[in-house]
Every structure is written in C-alpha cells, then in structure tokens.
Amino acid sequence: MEEKKQPTIYDVAEKVGVSLATVSRVINNNGKVKESTRAKVLQAIKELDYRPNAMAKGLASSKTTMVGMIVPDLTNLYYAELAQGIDAVAKIYNYSVSLAVSDGNAKAEREAFDTLRSKQVDGVIYMGSNPSDEIMQLMVSSSVPVVFAGSVDPEGKFPSVNIDYIQAFSEAAGKLKENFEDSKIALVEDPDNSKLSQLRRQGFFKALPNGKTYQAEDEYQMGYNLGRRLLSDGIKAVIVAEDATAVGILNYVRDNHVEVPEDFQIISTSDTKLVKMTRPSISSVTQPKFDIGAVAMRLLTKLMSNQEVSDPAVILPHEFVLRETTK
C-alpha cells in the first residue's frame, strides 16, 4: 500500500494559487493579507489537513511554539502532577512541550538546559529542589525566559510558583505538638542545604524550637532504613519532606509492631498517590500541584510575549488532609 504523503506548505500555496510567502504570513499571523485570501488559505489548510511544523514556523516568526521542562526525576509523582498542569495550559496557548531530565546533578542540569536551547524553545520551566550554581548562571545569562514551578529560586531572579513552605511546615509541626513534646518530633529532610530545605526547617523550628532533624533522600529504602534510628532515638512523630521516604518509615514502624497513630505519627508533605494507597493512609500537607504547574505555564506565556508580570513570586494556598497516621 502506498504511504499517504504528508501535505506541505507548497501544496497549500498551489491549491489556493498564492505564493509561499502569503501562506506563511497567514500561518504566522504576520503581515497584511486580504481577508478573502486569508479565508481561502485557511480553508485549504483544513481540507488538506496541513499541520505546520513548529520548527518551520519558528524560522518565519522567530518562535518555535515550543517550551521546555527540566525535571529532576521522571519517577517522582510530585513532578508528574506539576507537569500535567503545565501541559494543560501549554495546549491552550498552542505550545508543545519538550522534556529534559536533569537527574538532580549539576552536569545533567547543564546538559538538559543546553538540549532545550538547541531545540530553540521559547521558554523553560524549571523543576527541582536544589538548582546548582552552574545552572543558575546559565539561566541568568540566557535570553530564554525561565519560570520555577514548585521549586524555590535561591537568588530570587526568576518568577516562581510555590506554597508558603514556612507556614505549611509550622502548621504541620503544631499539629504533632498536640500529642508529643518537641524533642519527640522530627523533621525528615533531603540531605542538601537548598533554599527549599531552609524554608522547611524554618517553619518546623518556628513551631518546635527543640525538635529534631534527620536526613534521608527521596527513596523508599532510605526511609525504611531510617525508621530503625528514629525508633531507637525515641522519636514519636515525624514530618517527612518526600512521600516515598514517608512510606518507608511507615512500613518499618509497622513491621516492628509499633501502633500508628497511637504510638507513632507521620505527616508527609507532597500528597501524591503513594500516601493515599498505604494502609494506614498517611496524613499530608496538600499542595495544589496541578495549579502550580498551570500558573507557572501561564506566567511563562506572559514572559514569552513580553507582557508585564505584576507578581513574579506566586504563592498558592495549601491545606491538610488528616488521614490515618495522625490523631
């Protein structure tokens, strides 16, 4: 069977009987075209089912109608939900999305950003808890607009969308303080000193001046291994920065016959599907993840069209879902 040929801009021009330049002006909405001619070109595009290539459009308009996302971990459900919000708004504004994975290290971040720039994206949304100095310098020196989504810009140079981490962690700590003294409550944090980690600790110690802190990467096994130390140190309640870590802690505690929430309580802070599927289900700070992504993409569309951004640091409201790991 003969493969159906994809229609081209030449086919559209030939069908209408106009120049390629005229078709290009209609596609890119750039330059004067008689309304009657514009209507004929649009009708031909519809009849031929012609779909302008984004990169080809970019040659005429200086834009590719493509945006980039830098994501540290494809398996992290938190970033996946952010990406859903980004993609939904990108479609509304007729942008396609190109994904680059940074793996959370400086070299991969640089390569991810360079890859997106090589695709001539019109803007970039950065996601990650701890941007390296190198990626920050690259983004500052680049002409490509950047927005941080669910991530904290350590230097405050780029628009961002987040929750109030200080308030959220202070409220979570206050909830646990209703049942345990400060020294029995711990914050389990990422093993970095990112701006996001600093805000989390600030909120935690605001409510619990004598609270404890522990470090564990966002991995189930890291949480499970940490559970032994928490119980050995007499910890009775934890706020956990990452959901996979929280699930690991919960399973270790339960495997060692500690009653939850009677003798041990857990609050996580990303509220992904993971904490809803455990038994008992894990209480959590709820972040409007889809909305964070959507608002970040809307900010980016404004920057890409040179519109004024009145509030570059957007803070969205958070809530709590108290499930079975808290009283």
### Scope region 183-204; condition among the small types (Gly, Ala, Ser) and open to solvent by less than 10 Å² (accessible area, probe 1.4 Å); matching residues
Ala186, Ser194, Ser197, Gly203
## Note on the structure
Restricting region 253-268 to residues that are touching a Lys or Arg at 6+ places or on another chain (Cβ under 8 Å) and surrounded by 21 or more Cβ atoms within 10 Å (Cβ to Cβ), the one nearest to Ser197 (Cα to Cα) turns out to be Ile267
### Message
Residues to consider are Ser183, Ser141, Ser160; find the one that is in contact (Cβ under 8 Å) with a residue 12 or more places away in the chain and within 22 Å of Gly104 (Cα to Cα).
### Response
Ser160
### Query
How about region 1-18: which of its residues are at pLDDT 85 or above and under 40 Å from the mean Cα position of the chain (by Cα)?
Val12
### Task
Determine if region 253-274 includes at least one residue that is among the charged types (D, E, K, R) and closer than 21 Å to Ala168 by Cβ.
yes
### Hits in region 218-234 (condition: farther than 17 Å from Gln265 by Cα and surrounded by 17 or more Cβ atoms within 10 Å (Cβ to Cβ))
Asp218, Tyr220, Met222
## Note on the structure
Leu274 passes all but one of the listed conditions (1) under 22 Å from Ile249 (Cβ atoms); (2) not in a helix (DSSP H, G or I); the exception is number (2)
#### Entry: Residue ID - farthest from Gly203 (Cα to Cα), chosen from residues in region 276-327 that are among the β-branched types (Val, Ile, Thr) and free of Cβ contacts under 8 Å to residues at least 40 places away in the same chain
Thr278
### Residues (over 17 Å from Ala296 (Cα atoms), open to solvent by 40 Å² or more (accessible area, probe 1.4 Å) and in contact (Cβ under 8 Å) with a residue 60 or more places away in the chain) located in region 68-118
Asp73, Leu77
### Message
Looking only at region 205-217, count every residue that is aromatic (Phe, Trp, Tyr) and open to solvent by 20 Å² or more (accessible area, probe 1.4 Å) and tell me the total.
### Response
1
### Selected residue [closer than 20 Å to Glu81 by Cβ and surrounded by 15 or more Cβ atoms within 10 Å (Cβ to Cβ)] from Ile125, Ile135
Ile125
#### Entry: Counted residues, region 6-21 - those being in a helix (DSSP H, G or I) and free of Cβ contacts under 8 Å to residues at least 12 places away in the same chain
5
### Check on Gln84, outside any strand (DSSP E or B), more than 30 Å from Glu14 (Cβ to Cβ), polar (S, T, N, Q) and modelled with pLDDT of 90 or more
yes
### Unmet criterion (only one of (1) of a type in the set (A, V, I, L, M, F, W, C); (2) farther than 26 Å from Glu189 by Cβ; (3) under 18 Å from the mean Cα position of the chain (by Cα); (4) not in a loop (DSSP other than H, G, I, E, B)) for Val121
(4)
### Task
For Gly248, state whether it is within 30 Å of Pro159 (Cβ to Cβ), of a type outside the set (S, T, N, Q), in contact with a helix residue (DSSP H, G or I) (Cβ under 7 Å, 6 or more places away or on another chain) and surrounded by 15 or more Cβ atoms within 10 Å (Cβ to Cβ).
no
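The values are calculated or read from the model by the stated rules, or taken from the named source; none is laboratory data. The model shown is predicted, which means the values in this text are computed figures rather than measured ones. Note: ideal-geometry Cβ built from the backbone for every residue, glycine included; neighbour counts use all protein chains shown. Each accessible area value is taken on the protein alone, full model and side chains, heavy atoms only, with ligands, DNA and RNA left out. Shrake-Rupley method; radii C 1.70, N 1.55, O 1.52, S 1.80 Å.
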